[in-house]
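To keep things clear, I will list the structure first and then write my remarks on it.
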Amino acid sequence: MSFPRIGQGFDVHRLVAGRPLRLGGVELEHARGLEGHSDGDCVLHALCDALLGAAGEGDMGRHFPSRDERWRGVDSRVFVGEVARIVAAGGWALANVDVTIIAQEPVLAPHLEAMRAAVAAALGVDAGQVSLKAKSTDHLGALGRAEGIAALATALLMKEDRGAS
């Protein structure tokens, strides 16, 4: 018998001048990038939290604390790879992930397939197990004023119940 576990993740970072914009493991052309201790990729950070939550392994702060200098400037795909290892070590397999990116700018639709492929590659899964969507807030609030970008992620993990016959 197998049983599922669902996790959710959220992350948001401020857009600032002088940094590259990385979302979903892809560098995008934009005048500003996401502020953060690592590369600020809120898509991958939300994804990591969703996976860790589903596996009962806490969150990114537990595994990759921002007070630890070894994570400064790190490509967030490194975090995804490590989280995938933690999930697999617990006997979990990824069924699917679903991510919503909330941004007023830049327009993300032309980049979603590249992000989907990058996320799938970072996780070592088929792109069919990854869904990415982009939404704006129609100029409402801080995200609508293009002050930052946020991401919400949901992950479904499956585990074989080895005790059942």
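Taken as a whole, the structure leaves GLY36 outside the set of residues that are modelled with pLDDT of 95 or more and open to solvent by less than 40 Å² (accessible area, probe 1.4 Å). You will find that of ALA109, ALA95, the residue that is at pLDDT 95 or above, surrounded by fewer than 16 Cβ atoms within 10 Å (Cβ to Cβ), closer than 17 Å to SER131 by Cα and of a type in the set (Gly, Ala, Ser) is ALA109 and no other. So how many residues does the stretch 119-156 have that are among the small types (Gly, Ala, Ser) and open to solvent by 20 Å² or more (accessible area, probe 1.4 Å)? So the count comes out to 10. Of the strands (runs of 3 or more DSSP E) contained entirely in the stretch 1-111, those carrying at least 3 residues that are out of contact with any helix residue (DSSP H, G or I) (no Cβ under 7 Å at 6 or more places or on another chain) fall at 2-17, 92-102.
Residue-wise test of (1) in contact with an Asp or Glu (Cβ under 7 Å, 6 or more places away or on another chain); (2) closer than 26 Å to ARG62 by Cα.
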site: ASN96; (1), (2): no, yes
site: ILE101; (1), (2): no, yes
site: ALA121; (1), (2): no, yes
site: VAL130; (1), (2): no, yes
site: THR137; (1), (2): no, no
site: GLY144; (1), (2): yes, no
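With respect to GLU82, determine if the residue is of a type in the set (D, E, K, R), within 17 Å of LEU143 (Cβ to Cβ) and surrounded by fewer than 16 Cβ atoms within 10 Å (Cβ to Cβ). In short, no.
The values are calculated or read from the model by the stated rules, or taken from the named source; none is laboratory data. This is a predicted model, so every value here is computed, not measured. Note that each Cβ is placed from the backbone with ideal geometry, even for glycine, and that neighbours are counted across all protein chains shown. What goes into the accessible areas is simple: the full protein's heavy atoms, side chains included, and nothing from ligands, DNA or RNA. Shrake-Rupley method; radii C 1.70, N 1.55, O 1.52, S 1.80 Å.
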